[in-house]
């Protein structure tokens, strides 16, 4: 049962990968990477059930965090082109300077 | 013959990935993409080690509870200390834990250099940098 | 009083199977949506399905499957993290895309359907 | 009982028993301490002290293996196939003494250079990285475990990339030189790891002695041959063997002068040692594939390196780039000795490795002093050095002559034994290559000497022709370090017993019974 | 050796993962948009992590996911921020030249695969000699359920010592090349620190709550960061019984601080963990590790020989020794990852559009 679900999960991941490779817009790629990450978290949980070893779930927890941090870094990088200024200041400065495209 | 192909298919995929990484390193002029190629090349070497360590039907080399803990005889105890459970080979895992960290260290130093090169030359394309140097060479000699 | 424990046991596994399978189906639907939908903002809906409904169903199915053990606690932790991070991430992506000026493709401009294009539509 | 008492009554004996581990661990831990010290000058004094202690330990080890015995030290007290063992014999004892001696001399020589070239806030970290590099090189030399060699090879390589990049304050090209060195070095190290992985796949163990035992009886299957090829290419990259040497000229030219000295005399030598260790101790030279590899790959590469790189050296305008190309040529000499496959050839190669470290170290020191005093970087700027900096010019001349192989210098000894070994093997064309390369060496060293003595110094516009050129004073410590090396390269002409004896015992061990 | 049924399931999953890896690898070669290349590299190392899980290498998958997919992507983004976005396509000649070199090396390896043992073969030389010996000896000599940690921390402890020194070298390298960025003075002006050119920052003004579009992120971050640090400690001390250990814990701890600095800015992070502490931390780990080695020598054993730590019960000595060096590894790896991030993120306050 879990094997069938795992195979369906990998099919879903393959489709997300196709979107990642083809994604015309930059933000399509960000979205694809983020959702690919979520899917791998679930895949890891399912797989550790398949071989009934509880260790895979530790990796799933870890990657759920890493995926979030990666996505935030990408967004901050592209939106404000600086990794180290606090988000709030950047938003305010853009809002104040009316530069908000 | 089928058994041979199924048995060796992993190695052929790993070799293809390894050669893709090497190709990216050698062919691209962009320094950041060179480092990505280096990362792919090293990751495929890790996969070679780990494919080596997998035992059919084996489990990760972690004892649930320590079987035969404290039995006097080291090996060849009356009951097989591993209680008949097949485990994959733990040694390549240790080697690869070291190699991953070494790979990241090289990547970090490489990226630091790329940042300084961009500041010094204004570009991270191999041929722009050579051109800039060539002009200086001509000017000074 | 017939002993209902074995039935509960069977029910548990049946329910777990159903949840897992349902979650997987929604996952496939979400993925197809991601692939086929024409515009970024439409695709973000497709990603939404997989991030919320499919994840909850899958993890619930696995929890039922594993009963009351340490694995279930870990699965709960995964559920909490996913519950916290994926909506925030999707929100941040949409926010950044909008701020960066990615305009959603509104209904007015209908892209010519590929079949019409071949026939040299008006 | 308190800590100090435990050390004293445990006495020297216990410390000496742990010398193999301490000779590697002390520089590494001291590197971390140097980072914590923070203050530049203090970190320098601390590094000199540690280099002295390491040199002491390596001399003790050298003394205990003179007779040809070998020391095996099990790390963490785990026996050979399971734990990591350290293995010391005549060959690597000589090498670690050379590395620690050159580190000590480079540190003594380098302080005025570092003070001028590196930003004061970074001195402590600079010396910390330098100590880590020394520890890494010593670790590579005496490791008895194949994967441990890779780990310490990476310790020394990454610290070398960083140290080369520190030359960026003087010249921005140091950054690209360091980046190319990083890419090629990492490809070399990864090829080496693939080779070790294939060896592990064929034998099941990582301990070098164990591998050679298992390989001895199994006929060379394809995996072992592929492992052999990958290890030779990987280490070839690290040794700057001819076609794989493109990173070396830039790395040595643009690195800070203290690092140029240390790298020129040790970096390629340790990689050359590991190549010997794997070729002769792990893989057995007898097997057909290996000998074919020797005769048709290593030997021609060595000869081509000798000639082509000497030609390139003679056209260089930058002094240090000239010396860097001559280094690649000298590596060709060592490889020629190795590829003969005979004990005499190997001994000649090892002897040349030792002598070349002294000569090239002295040359880079002299050029560094000239750079410090008069800011000289190009060959034609050397003119009149004989008058402005007589001592430095004299040192440079003696080391240059030793590079050519003129009698009364150590260079002559190693070339002499090399020619004998080659004739023994009957390769007359190799002798022709040696002679041609020596003639070319006469040409590019002659260019420097002629500029120094026969042309008069550039006269600053104010002073007119006649009054004597101003003497430039060089720091005493750096001059002392230079003259230790210069005297060394002459001394070992008259009494080559120490390096020659060790090289012969090592070659005998390696060619004879596989050496481990 | 017929492939038994249970083994078939993994063959199917392996095949799928391998095909995805190949697709991503080929895409990496063809794409020139640097951002896509970096993102694909993150996905590539994530897929590699999944493959490691399916090949029973749980510890390696843990490290690869944390380091390969996590920290490397953030570092590459940091570097990419300061460099250009498009890579130039490669000229044709160079493409054929590199194809030739790659082809030759590939052929050599392919030639070698014919003698390689079958995938998953239990009595191949690798799996039947030292590897198996470790499984038996760990029970009686080290007594730690996770055999990988036992080998990493006890049998081959000197390998791990070399590895921690490699991490320290990388940290020193980035600090030497990029500098660690200096603590900002109150008015946002950053004093010129040595040769790096750190642009001066526009004055930082207070934030009006209404204007702040990122209230969601800040709240979520405030909830998440303590949990991540807690998880890092769990991974650190759980290393003996399951996947985990010093490296993974150090990386997770560093990523928690990186998340904090992404959302609350570098000034806050520097105030929380000043650059001096991070610099000292990089060396501290190696001192702990090397110090323990010297202590074991002083107590009469060999370098890193834990049995002498507690003369009474050698197994207890092993546990104490492994715990201490894992703490050393945690401190060094966490502070090195932080020093690298400080070096990259602290490099430029904000890039103007024109030099983008």
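Any residue that is buried (at least 24 other Cβ atoms within 10 Å of the Cβ), without any contact (Cβ under 8 Å) to a residue 60 or more places away in the chain and assigned to a helix (DSSP H, G or I) - is there at least one of those in region D:282-301? Within region D:282-301 (the criterion being buried (at least 24 other Cβ atoms within 10 Å of the Cβ), without any contact (Cβ under 8 Å) to a residue 60 or more places away in the chain and assigned to a helix (DSSP H, G or I)), the answer is no, since none of the residues qualifies. Restricting attention to region D:501-516 and to residues that are surrounded by fewer than 19 Cβ atoms within 10 Å (Cβ to Cβ) and at pLDDT 80 or above, the residue that is nearest to residue D:261 (Cα to Cα) turns out to be D:501. Filter region D:198-219 for residues that are in a helix (DSSP H, G or I), within 9 Å of chain E (Cβ to nearest Cβ) and farther than 25 Å from residue B:15 by Cα and give the result. Across region D:198-219, the qualifying residues are D:210, D:214. Of all the criteria given as (1) assigned to a helix (DSSP H, G or I); (2) within 14 Å of chain E (Cβ to nearest Cβ), the one not satisfied by residue D:72 is (1).
In a residue-by-residue description of region D:164-175, the property of being touching a residue at least 12 places away in the same chain (Cβ under 8 Å) and within 18 Å of the chain's Cα centre (by Cα) applies to at least one position.
Only one of E:285, E:346, E:293, E:300 is buried (at least 24 other Cβ atoms within 10 Å of the Cβ) and modelled with pLDDT under 85; which? Even if it seems obvious, please write down each step before you answer.
Working: E:285 fails: modelled with pLDDT under 85; E:293 fails: modelled with pLDDT under 85; E:300 fails: buried (at least 24 other Cβ atoms within 10 Å of the Cβ).
The unique qualifying residue is E:346.
Given the criteria crowded, with 18+ Cβ neighbours inside 10 Å, in contact (Cβ under 8 Å) with a residue 60 or more places away in the chain and within 7 Å of chain B (Cβ to nearest Cβ), does residue E:120 qualify? So residue E:120 fits the description; yes. Does region E:103-121 contain at least one residue that is at pLDDT below 85 and in contact with a strand residue (DSSP E or B) (Cβ under 9 Å, 6 or more places away or on another chain)? There is at least one residue in region E:103-121 that is at pLDDT below 85 and in contact with a strand residue (DSSP E or B) (Cβ under 9 Å, 6 or more places away or on another chain). Do we have any residue at all in region D:115-129 that's assigned to a strand (DSSP E or B), touching a residue at least 12 places away in the same chain (Cβ under 8 Å) and within 18 Å of the chain's Cα centre (by Cα)? Taking every residue of region D:115-129 in turn, none turns out to be assigned to a strand (DSSP E or B), touching a residue at least 12 places away in the same chain (Cβ under 8 Å) and within 18 Å of the chain's Cα centre (by Cα). Here residue B:42 meets each of (1) crowded, with 24+ Cβ neighbours inside 10 Å; (2) at pLDDT below 90; (3) more than 7 Å from chain E (Cβ to nearest Cβ) with one exception, condition (2). The set of residues in region E:51-90 that are over 30 Å from residue E:148 (Cβ atoms) and part of a loop (DSSP other than H, G, I, E, B) comprises E:82, E:83, E:84, E:85, E:87, E:88, E:89, E:90. Within region E:251-279, if we keep just the residues that are farther than 21 Å from residue E:224 by Cβ and under 20 Å from the mean Cα position of the chain (by Cα), the residue that is nearest to the other protein chains (Cβ to nearest Cβ) turns out to be E:279. Residues considered: D:210, D:217. Of these, the only one that is modelled with pLDDT under 90, more than 25 Å from residue B:50 (Cα to Cα) and either surrounded by fewer than 24 Cβ atoms within 10 Å (Cβ to Cβ) or in contact with a helix residue (DSSP H, G or I) (Cβ under 6 Å, 6 or more places away or on another chain) (or both) is D:217. Checked against (1) more than 7 Å from chain B (Cβ to nearest Cβ); (2) touching a residue at least 12 places away in the same chain (Cβ under 8 Å); (3) surrounded by fewer than 24 Cβ atoms within 10 Å (Cβ to Cβ), residue E:88 meets all criteria but (1).
Being over 27 Å from the mean Cα position of the chain (by Cα), modelled with pLDDT under 90 and more than 17 Å from residue B:60 (Cα to Cα): is that true of residue E:94 here?
On the way: over 27 Å from the mean Cα position of the chain (by Cα): yes; modelled with pLDDT under 90: yes; more than 17 Å from residue B:60 (Cα to Cα): yes.
Yes, satisfied.
Name the residues in region C:62-77 that are touching a helix residue (DSSP H, G or I) at 6+ places or on another chain (Cβ under 8 Å) and more than 15 Å from residue A:44 (Cβ to Cβ), would you?
Keep residues of region C:62-77 that are touching a helix residue (DSSP H, G or I) at 6+ places or on another chain (Cβ under 8 Å), which gives C:62-67, C:71-72, C:74-77.
Correct list: C:63, C:64, C:65, C:67, C:72, C:76.
Residues that are surrounded by fewer than 22 Cβ atoms within 10 Å (Cβ to Cβ), part of a helix (DSSP H, G or I) and within 7 Å of chain C (Cβ to nearest Cβ) within region A:22-43 comprise just one, A:28.
Which of the residues that make up region E:123-162 are assigned to a loop (DSSP other than H, G, I, E, B), more than 7 Å from every other protein chain (Cβ to nearest Cβ) and within 27 Å of the chain's Cα centre (by Cα)? Quick ask: steps written out before the conclusion?
Going through region E:123-162, the residues assigned to a loop (DSSP other than H, G, I, E, B) turn out to be E:123-124, E:129, E:143-145, E:156.
From what's left, more than 7 Å from every other protein chain (Cβ to nearest Cβ): E:123-124, E:144.
E:144 - this is the single residue of region E:123-162 that is assigned to a loop (DSSP other than H, G, I, E, B), more than 7 Å from every other protein chain (Cβ to nearest Cβ) and within 27 Å of the chain's Cα centre (by Cα).
Please work out if residue E:310 is touching a helix residue (DSSP H, G or I) at 6+ places or on another chain (Cβ under 6 Å) and not in a helix (DSSP H, G or I). Yes.
Condition test on residue C:10, is it farther than 30 Å from residue E:241 by Cβ and in contact with a helix residue (DSSP H, G or I) (Cβ under 7 Å, 6 or more places away or on another chain)? Against the criterion (farther than 30 Å from residue E:241 by Cβ and in contact with a helix residue (DSSP H, G or I) (Cβ under 7 Å, 6 or more places away or on another chain)), residue C:10 does not qualify.
Of the residues making up region A:62-84, those that are over 11 Å from residue E:74 (Cβ atoms), within 7 Å of chain E (Cβ to nearest Cβ) and modelled with pLDDT of 80 or more are A:62, A:63, A:65.
Looking only at region C:1-41, residues that are assigned to a helix (DSSP H, G or I), more than 14 Å from the chain's Cα centre (by Cα), touching a residue at least 12 places away in the same chain (Cβ under 8 Å) and closer than 18 Å to residue A:29 by Cβ come to 2 in all.
Of these, E:43, E:67, E:74, E:37, which one is modelled with pLDDT under 90, more than 10 Å from chain B (Cβ to nearest Cβ) and under 24 Å from the mean Cα position of the chain (by Cα)? Just one listed residue meets the conditions, E:74.
The values are calculated or read from the model by the stated rules, or taken from the named source; none is laboratory data. Note that the structure is a prediction, hence the values are computed from the model and not measured. So basically every Cβ, Gly included, is an ideal-geometry build from the backbone, and we count neighbours across all protein chains shown.
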